Amino acid sequence: MTAEQRQNLQAFRNYVRKTLDPTYILSYMGPWLQDEVVQFIQAEKNNKGPMEAASLFLQYLLQLQTEGWFRAFLDALYSAGYCGLYEAIESWDFQKLEKLEEHRLLLQRLQPEFKTRINPTDILPELSECLIGRKGKVVFFANQIPVYEQQATVFSRYFERLGYSVAGVSGARADNVSMQDIIENKDIIILTPQILVNSLNDGTIPSLSVFTLMIFDECHNTSKHHPYNQIMFRYLDHKLGGSPGPLPQVIGLTASVGVGDAKTVEEAMLHICKLCAALDTSVIATVRDNVEELEQFVYKPQKFFRKVESRTTNTFKSIISQLMKETEGLAKNVSEELGKLFQIQNREFGTQRYEQWIVAVHKACMVFQMPDKEKESSICRALFLYTSHLRKYNDALIISEHAQMKDALHYLKAFFHDVKNAAFDETEQDLTRRFEEKLEELEEVSKDPSNENPKLRDLYLILQEEYHLKLETKTILFVKTRALVDALKKWIEENPALSFLKPGILTGRGRTNQATGMTLPAQKCALEAFRASGDNNILIATSVADEGIDIAQCNLVILYEYVGNVIKMIQTRGRGRARDSKCFLLTSNADVIEKEKVNMFKEKIMNESISMLQTWDEMKFEKTVQRIQLDEKFIRDSQRKPQPAPDKENKRLLCGKCKAFACYTADIRVVEKSHYTVLGNAFKERFVSKPHPKPKIYDSFEKKAKIFCAIQKCCHDWGIHVKYKTFEIPVIKIESFVVEDIASGVQRRHAKWKDFHFERIQFDPAEMPI
């Protein structure tokens, strides 16, 4: 390069700054720029934009002394599609580029009209030779499976007809598809976020640079260890670490950013800035210019509070509470050491607090150890039974408090029916006898009309009035638990004045202590029936319906003892979008109403905070976000722990109920990433099987039977027996076992396989007997 050429490039640098995004040509300049320089330029683009990155690029370029770099720079411009800039620099004539400036200014003035009148797909073919950049690849994230299904349908309907290819992957079908193929061959991908986290962790997707746009639905979830935040940690490490490769644009969608624990506007503004930092947000966009137009399509429901008095007398609760006291007393006498766990005060029967306490006791009992292993087995088995019965009694009291006594009694009768059909040892016989001695009295109490739940009476009045005013009313009734979903469905169906409602239900897919979840097809069916059917006009739902589900006709939302934070309040209220919508909070607890009023105050300061932040100077907002990002990355890096190495020592799995030996970890094999089987005939001798009450086929598995501990006095549920391809194999669940270290004898329990860091060996058909 001659001195004149260097001088000219310096003189015309502003043209280069305005035109060039250097990240598009860095790959062509590899022989001339060190990797460290490339990373600096990429980081400058990510942090300050393409113009600042172009300035830095030129600075490094003009410092080069190696022969041939100027020709390489021109070739890179041409190869990347910057033909106009290439011609201008080669001839040092920028008149053509100067003339284009007039067109740019004109397009800026016409931009609003352009957006409303021009369909880009109509003119893209004419511009294809002029456009620079790679083909777009969009990923849309949805947290809940019903929302994922809804959005996958919407994207397919509107974009496939325009020629874009659309695909969706959720946890339900992740094992049956190739993520690599989908990413390479599809334009728009709808994902549940954990799918992408897994694909990044196992290297199936090398980095986020494969996408040009990431859209986070319900983006307020981008916090702590949520999959959204794990994705954005990758993004921010890439951006702040100066890694090569472009980053996608990020868009977050939410009805409510929330305020966290904020009590003032200033504190709320900081909370929102932290969310913006997590999402690398540069703009907070809300509807401001067309508010009245928006209100013609999306209606904010009227909010009503209904405080209901509790039952004046509750004989049912008194009887069950006495049974619980007796059971606690029996548990205390089993072991002096573990009996101390039952001496904790201030725990009321029939509450979530009691549930949490008894679960903690249950876990402690599972890993209790004694020198006398036979006595240890007897004590652990007895305490397992006592704590299991206490949990069921507590569940029944919660059901009775919010629904009918007969629903709670039915729940207990079903439980004791299962107990009789299992091991039914002396302890269970004693507990069953105590319950059955009170059964006749419980039956009488539950049938007494004077014990009707006042909350149900008020719920009846609300439904009667609203459907009298408008027969085509569509209602979502939110409740806290699946057991309550079933109880209220039954109550509506048995009430002659409400049976016309034909209630549908929507619950989550995971299993809980009380019930198994809904399958994905069942969830889809429930939503489609509620949207389409004139008969199915009430949906009883748990929190799975909180976020994102779009049911435009819904005009009545009832929160039945259902309250959360300000985000949950806005989300649930937002399910009622039709004209003249109403939202009722029905509770017997004054604290619940008070909490909702606090949420309404927090919504007010949230809106004020958003308005304040939108008045900030762009540079001030950007610097605030960047400072938070750097601070958070420093904390993240300092707290980052290396992934624990798999423990290669062989360990013993013991039955979580009776402590009988089950198998060695050396015999466990992983089937299709998430299922665990045990090899060898010895394990088959240690369990018994019974036909599965709900056999079904999923993925490559045919669920055929349930397996239980073979010890006659135990019969603890260990998992299922399946047909996998051509093999008949057991599939065990780790929460049913205690893991014992062979050398030390120390015992631990794990709620999930991912928490158990042992050496995982993949299933190999060659190891199976012929």
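Skipping prolines and chain starts, which residues have an amide H placed within reach, meaning under 5 Å, of the one on CYS554, given they are 5 or more residues away or on another chain?
Close amide H contacts, sequence-distant or interchain: ARG577, ALA578.
So which GluC sites (Glu not before Pro) in segment 45-153 pass both tests, a DSSP loop state and at most 12 other Cβ atoms within 10 Å of the Cβ?
GLU67, GLU129
Over 25 Å between Cα atoms: which of LYS317/LYS375; LYS375/LYS651; LYS648/LYS704 fall into that group?
Over 25 Å apart, Cα to Cα: LYS317/LYS375; LYS648/LYS704.
Hey, what's the Cα Rg ratio for the chain versus the globular rule of thumb, 2.2 N^0.38 Å?
Ratio of Cα Rg to 2.2 N^0.38 Å: 1.15.
For the chain, report the accessible area per residue in Å² (1.4 Å probe, heavy atoms, rounded to an integer).
For the chain, the per-residue accessible area is 52 Å².
Round to the nearest 0.05 the FRET efficiency obtained for ASP580 and LEU162 when R0 = 35 Å and r is the Cβ-Cβ distance.
0.45
Only sites in a loop by DSSP and with at most 10 other Cβ atoms within 10 Å count here; which chymotrypsin sites (Phe, Trp or Tyr not before Pro) in segment 291-376 make the cut?
PHE297
With contacts defined as alpha carbon pairs under 8 Å and 6 or more residues apart, what's the relative contact order of the chain in percent?
Rounded, it is 11 percent for the chain.
At a threshold of 8 angstrom on Cα-Cα distance, excluding pairs fewer than six apart, so keeping six or more, what relative contact order does segment 1-152 reach in percent?
21 percent
Which of the aspartates and glutamates could be linked to LYS684 by a straight reach, that is with a Cα gap under 18 Å, when you skip same-chain ones fewer than 8 residues away?
Partners within reach: ASP667, ASP717, GLU728, GLU767.
Quick one: 3J(HN,Hα) in Hz for segment 746-751, Karplus 6.51/-1.76/1.60 with θ = phi - 60°, rounded, Gly and Pro as x.
3J(HN,Hα) across segment 746-751, in whole Hz: 5, 10, 9, 10, 10, 6.
Report, in listed order, any pair from LYS420/LYS696; LYS325/LYS659; LYS363/LYS392; LYS186/LYS524 with a Cα-Cα distance greater than 19 Å.
Exceeds cut-off: LYS420/LYS696; LYS325/LYS659; LYS186/LYS524.
Let me spell out the model: positive unit charges on the Cβ of Lys and Arg, negative unit charges on the Cβ of Asp and Glu, origin at the Cα centre of segment 185-251. What dipole size does that give, in debye rounded to 20?
In total the dipole reaches around 120 debye.
Can you list the trypsin sites (Lys or Arg not before Pro) in segment 245-336 that are in a DSSP coil and have 11 or fewer other beta carbons within 10 angstrom?
ARG288
For segment 193-203, just list the computed ³J(HN,Hα) in residue order, Karplus coefficients 6.51, -1.76 and 1.60, θ = phi - 60°, integers in Hz, with x standing in for Gly and Pro.
x, 4, 4, 5, 4, 4, 5, 6, 5, 8, x
List the pair-distance distribution P(r) of segment 1-153, using every Cα-Cα distance, as the percent of pairs falling in each 10 Å bin from 0 up to the bin containing the longest distance, rounded to whole percents.
P(r) over segment 1-153, rounded to whole percents: 9, 31, 31, 18, 9, 3, 0.
How large, in percent, is the carbon and sulfur part of the accessible surface of the chain at a probe radius of 1.4 Å?
Carbon and sulfur together cover 51 percent of it.
Where does helix 618-639 land angle-wise versus the long Cα axis of the chain, in degrees 0 to 90, nearest 10?
50 degrees
Give a residue-ordered list of calculated ³J(HN,Hα) values for segment 220-232 (Karplus: 6.51 cos²θ - 1.76 cosθ + 1.60, θ = phi - 60°; whole Hz; x for Gly, Pro).
Once rounded to whole Hz, the list reads 4, 6, 6, 7, 6, 9, 4, x, 4, 5, 5, 5, 6.
The values are calculated or read from the model by the stated rules, or taken from the named source; none is laboratory data. The structure displayed is predicted, hence computed values, not measured ones. All Cβ positions, glycine included, derive from the backbone under ideal geometry; neighbour counts span all protein chains shown. When the accessible area is computed, the model is the full protein with side chains, heavy atoms only, and any ligands, DNA or RNA have been set aside. Shrake-Rupley method; radii C 1.70, N 1.55, O 1.52, S 1.80 Å.
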